[in-house]
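The values are calculated or read from the model by the stated rules, or taken from the named source; none is laboratory data. The shown structure was predicted, so the numbers you read here are calculated from the model rather than taken from an experiment. Positions of Cβ are backbone-derived with ideal geometry, glycine not excepted, and every protein chain shown enters the neighbour counts.
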Amino acid sequence: MAPQIIVAFSLALSVVLNVPLTTALPPPRPAASDTVSMHPIIANGSRVAVSAMSEAFLFCWVDGASAQQVEWLDPLNVPLPHWSLEASRYQLGSGTHLPHAYLVFVDFRQPGVYTCVARGAEAMEEGRASVIVTLATP
């Protein structure tokens, strides 16, 4: 009886291996990153108070989405520059394919509403989060 079980198992295995894999599987589901919309998250919260002439940074990232670029805008909706010696505020880590960006203040003196913008591969994919940065009172 043992040889019959082995023959039956071999036959079943050969049938399974000959069935195309695509017909045996359900249709593919979109990846989680395809269905999640762009929602940037500012780690520091929605309100930050910074002392005058001090250094501070804000961190923004996109969780679970395929962000192609994350960048910071100043209160006038202008992209902030990348690091330079002369800049009193600049962004770091906002290159292509990075799901995060830092906004760095050096000698803080420019309060306002700063916006983190995440953009996806498609032109219509965009998400924004804002933070109110105020001057801390002594």
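Candidates in region 69-81 are the residues that are in contact with a strand residue (DSSP E or B) (Cβ under 6 Å, 6 or more places away or on another chain) and surrounded by 14 or more Cβ atoms within 10 Å (Cβ to Cβ); of these, the one that is modelled with the lowest pLDDT is GLN69.
Applying a threshold of 8 Å to beta carbon distances and a minimum spacing of six or more residues, or different chains, the list of pairs starting in region 87-101 at a residue that is of a type in the set (A, V, I, L, M, F, W, C) and surrounded by 14 or more Cβ atoms within 10 Å (Cβ to Cβ) and ending at one that is part of a loop (DSSP other than H, G, I, E, B) and at pLDDT 90 or above reads ALA87/PRO81; ALA87/VAL106.
Could you say whether any residue in region 109-130 is at positive phi and outside any strand (DSSP E or B)? So far as region 109-130 goes, no, none of its residues is at positive phi and outside any strand (DSSP E or B). Going through region 57-86 one residue at a time, which ones are aliphatic (A, V, I, L, M) and either under 17 Å from ARG119 (Cβ atoms) or touching a residue at least 60 places away in the same chain (Cβ under 8 Å) (or both)? Across region 57-86, the qualifying residues are LEU58, VAL62, ALA65, ALA67, VAL70, LEU73, VAL78, LEU80. Within this structure, THR134 fails the test of being at pLDDT 90 or above, polar (S, T, N, Q), assigned to a strand (DSSP E or B) and surrounded by 18 or more Cβ atoms within 10 Å (Cβ to Cβ).
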